[in-house]
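The values are calculated or read from the model by the stated rules, or taken from the named source; none is laboratory data. Small disclaimer: the values here were computed from a predicted structure and weren't measured. Using ideal geometry, Cβ is built from the backbone for each residue, glycine included, and neighbour counts are taken over all protein chains shown. When the accessible area is computed, the model is the full protein with side chains, heavy atoms only, and any ligands, DNA or RNA have been set aside. Shrake-Rupley method; radii C 1.70, N 1.55, O 1.52, S 1.80 Å.
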Amino acid sequence: MALITMKFGGTSVGSPEAITNVAGIVCDETRRGNGGIVVVSAMSGATDALLGSVREAAAGNRWAYLNTAQKLRERHDEVLNQLVPAGHARESVRHEVHAILEQHTELCSAVSILGEATPRITDAAVSFGERMSARVVAAALRAAGTEAVAIDATQLIVTDANFGSASVGWPETNAAIEAKLHPLLARGVVPVITGFIGATADGHVTTL
């Protein structure tokens, strides 16, 4: 059995049709008996929208960041509605996505009060796009017949505190991968991992 890492960028996970194609590629590999690790970007345009909403929050424009959150909620809901059968499984993922967007609006509210966004806050904000994407793609894979689970790379990649351009601490990262990723692969579960984020040793989100 081969172990294949498949990376899908924002356009590849940018619509229900694109994610259907991703699911087909991944399911084909699992049917061939290959193990798979999937790494996903945020849906196309999502990271720029999140960054823009943080800037609007710093300028005190509450309507703008709330509007961004609503549009992102609708995009991710559309994928879930089209690709995941109605029921508890779909609603559970929808709840996770909406909870992430609630975190985003709370963060923007804090930025609005402060009047500025620090690099640490900005890194936290842009992580939300990938975190939502991973959950939606994992749900689509499960609906297509492949056991999959979304994993935030903050659980795997340990970095320094150079927010915006963090460097990986390889010994700590390798230990986390061994402990958290390898058991999933041994059970035939496909991890769907966020693409360019990590976390400091004390848990603050970083971008690589």
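At a glance:
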{"quantity": "Residues satisfying the stated conditions in segment 30-39, i.e. crowded, with 18+ Cβ neighbours inside 10 Å and over 17 Å from Ile151 (Cα atoms)", "calculated": "Thr30"}
{"quantity": "Of residues in segment 109-125 being open to solvent by 10 Å² or more (accessible area, probe 1.4 Å) and under 16 Å from the mean Cα position of the chain (by Cα), the one farthest from Val38 (Cα to Cα)", "calculated": "Thr122"}
{"quantity": "Residues of segment 102-156 satisfying the condition of being of a type in the set (S, T, N, Q) and more than 14 Å from Tyr65 (Cα to Cα)", "calculated": "Thr118, Ser127, Ser133, Thr146, Thr154, Gln155"}
{"quantity": "Selection within segment 25-63 - touching a Phe, Trp or Tyr at 6+ places or on another chain (Cβ under 8 Å) and of a type in the set (Ser, Thr, Tyr)", "calculated": "Ser41, Ser53"}
{"quantity": "Sole residue being over 19 Å from Ala125 (Cβ atoms) and either free of Cβ contacts under 8 Å to residues at least 40 places away in the same chain or not β-branched (Val, Ile, Thr) (or both), chosen from Ser12, Ser41, Ser109, Ser53", "calculated": "Ser12"}
{"quantity": "Matching option when the condition is crowded, with 18+ Cβ neighbours inside 10 Å and in a loop (DSSP other than H, G, I, E, B), among Ala23, Ala42, Ala57", "calculated": "Ala42"}
{"quantity": "Filter result for Glu102 (among the acidic types (Asp, Glu), outside any strand (DSSP E or B) and buried (at least 23 other Cβ atoms within 10 Å of the Cβ))", "calculated": "no"}
